[in-house]
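To start, the structure itself, in structure tokens.
The values are calculated or read from the model by the stated rules, or taken from the named source; none is laboratory data. Remember, predicted model here, so these are calculated numbers, not experimental data. As a convention, Cβ positions derive from the backbone with ideal geometry for all residues, glycine included, and neighbour counts pool all protein chains shown. Note: areas computed on protein heavy atoms with side chains; ligands, DNA, RNA excluded. Shrake-Rupley method; radii C 1.70, N 1.55, O 1.52, S 1.80 Å.
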Amino acid sequence: MNDSTRYNRQIMLTEIGDKGQLKLSKAKVLIVGAGGLGAAILPYLAGAGVGEIGIVDHDCIEISNLHRQVIYKSSALGKYKAEEAKSMISELNPSVKVNAITEKLSGKNAITLFEKYTIIVDATDNISIKYLINDACLVTNKPMVYGSVFRFQGQVSVFNYQNGPTYRCLYPDEKSTATNCEDAGVIGTSVGIIGMLQANEVIKMIVETGTVLTGKIVVYNILNNEQQKYDFDKSDVLLMNKEIFDKKYGIEENQIEEVNFESVLDEINDVEVLFLDVRNEVEFPKINFKNGIQIPLMNLENEMEKLDKSQTIYVFCQSGIRSKIAAQLLQKHQFKNIKNIVGGAFAMKQLLQEKFTI
């Protein structure tokens, strides 16, 4: 089935058309959270033809999730939500590129992840993570599509859109506490409605139609079907840049970022990245990628000319100790995009055997 048939019902809308569909196909959207909100957002973005979707979630599926996280099956209990969501999207729309990131979002990985996408969607139920998402969006200059649900009431807004108001403008008190759905309870239709409203804001931004909820927040109550929209202004209370971000989230200036191999598995054929094996040539297991190179740690300083400073370089060894030393050495020689693969070749080999026949 070609794209014109798959998307013809939305292409015939004058507000979308072929140009809008092309914009959707080129868009890159990151969803933070694959729980109730994410389960509503993801199918509609994939169905609409968003070209690349990233899913960040380190949680596994529990039976208590299934009443509202309706993209998962009972047979998937115990599996990573991000991986199962990826599988669902691939079946729904194989033309969408999906990146499953089974890591917890943190100050260490947020900036790097956000830089790869054009729109960031907050599908979390954790207040501190919402502030982190907001701050990382400010540093990377990305819009944040916000959603929140409490019992029978939900909220939707868009922050940092075209330099508009941010999450901190609406909620400046970071020390405030709020109960999540695990403690307060939630009905599945609440997250479904709010998640679809978030997906709608994403689509509007991509195709550049309608009125985006910037400087406005919609509050919807599913018990009485009442909806209010409130305006709020941009505040200059808190400046946020990379230096302030790193200090706030405890990121040392020369700290080496560590990643799980599973989160970068989709990049093993990407010419813009390099996998650097710093083990000795006699060591097993062998890991061979098209975009890989082996330079033993003892030879690295003398053979750095083989490396391209413009590439992202993922460094690995047998278990992760030598690769960290190698990454620090490269950073010392002005290599900027260096990441250490934790677990090393043993963990990589095991995952590759699970995913592929090598």
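Which residue is farthest from residue 131 (Cα to Cα), if the candidates are limited to segment 163-177 and must be at pLDDT below 80 and either open to solvent by 70 Å² or more (accessible area, probe 1.4 Å) or acidic (Asp, Glu) (or both)? So that I can check it myself, show each step before the final result.
Taking segment 163-177 and keeping what is at pLDDT below 80, we get 175-177.
Adding the requirement that they be either open to solvent by 70 Å² or more (accessible area, probe 1.4 Å) or acidic (Asp, Glu) (or both) leaves 175, 177.
On the way: 175: 11, 177: 12 Å.
Across segment 163-177, the extreme among qualifying residues is 177.
Residues to consider are 281, 301, 305, 262; find the one that is part of a loop (DSSP other than H, G, I, E, B) and open to solvent by 20 Å² or more (accessible area, probe 1.4 Å).
On the way: 301 fails: part of a loop (DSSP other than H, G, I, E, B); 305 fails: part of a loop (DSSP other than H, G, I, E, B); 262 fails: part of a loop (DSSP other than H, G, I, E, B).
Going through 281, 301, 305, 262 in turn, the sole match is 281.
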Is there a residue in segment 283-299 that is closer than 23 Å to residue 104 by Cβ and of a type outside the set (Ser, Thr, Tyr)?
no
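Tell me the residue from 250, 320 that is surrounded by fewer than 18 Cβ atoms within 10 Å (Cβ to Cβ), at pLDDT below 90 and on the phi > 0 side of the Ramachandran plot, please.
Details: 320 fails: surrounded by fewer than 18 Cβ atoms within 10 Å (Cβ to Cβ).
Result: 250 is the single residue among 250, 320 that is surrounded by fewer than 18 Cβ atoms within 10 Å (Cβ to Cβ), at pLDDT below 90 and on the phi > 0 side of the Ramachandran plot.
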Candidates 127, 101, filtered to the one that is of a type in the set (A, V, I, L, M) and either surrounded by 21 or more Cβ atoms within 10 Å (Cβ to Cβ) or in contact with a Cys (Cβ under 7 Å, 6 or more places away or on another chain) (or both)
101
Answer yes or no: is there a residue in segment 66-78 that is within 16 Å of the chain's Cα centre (by Cα) and open to solvent by 10 Å² or more (accessible area, probe 1.4 Å).
no
Within segment 193-213, does at least one residue satisfy the condition of being surrounded by fewer than 19 Cβ atoms within 10 Å (Cβ to Cβ) and under 28 Å from residue 245 (Cα atoms)?
no
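What do you reckon, is residue 354 open to solvent by 40 Å² or more (accessible area, probe 1.4 Å), assigned to a helix (DSSP H, G or I) and at pLDDT 90 or above? I'd like the intermediate steps shown before the answer.
Details: open to solvent by 40 Å² or more (accessible area, probe 1.4 Å): yes; assigned to a helix (DSSP H, G or I): yes; at pLDDT 90 or above: no.
For residue 354, the condition - open to solvent by 40 Å² or more (accessible area, probe 1.4 Å), assigned to a helix (DSSP H, G or I) and at pLDDT 90 or above - is not met.
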Within the group 47, 20, 54, 38, which residue is of a type outside the set (Asp, Glu) and open to solvent by 10 Å² or more (accessible area, probe 1.4 Å)?
47
Of the criteria (1) modelled with pLDDT of 90 or more; (2) surrounded by fewer than 14 Cβ atoms within 10 Å (Cβ to Cβ); (3) not in a loop (DSSP other than H, G, I, E, B), which one residue 245 fails:
(2)
Given the condition closer than 30 Å to residue 196 by Cβ and touching a residue at least 40 places away in the same chain (Cβ under 8 Å), answer yes or no: does some residue in segment 266-279 qualify?
yes
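Look through 325, 313 and report the one residue that is part of a strand (DSSP E or B) and surrounded by 14 or more Cβ atoms within 10 Å (Cβ to Cβ). Please lay out each step first, then the result.
Details: 325 fails: part of a strand (DSSP E or B).
Exactly one residue qualifies, and that residue is 313.
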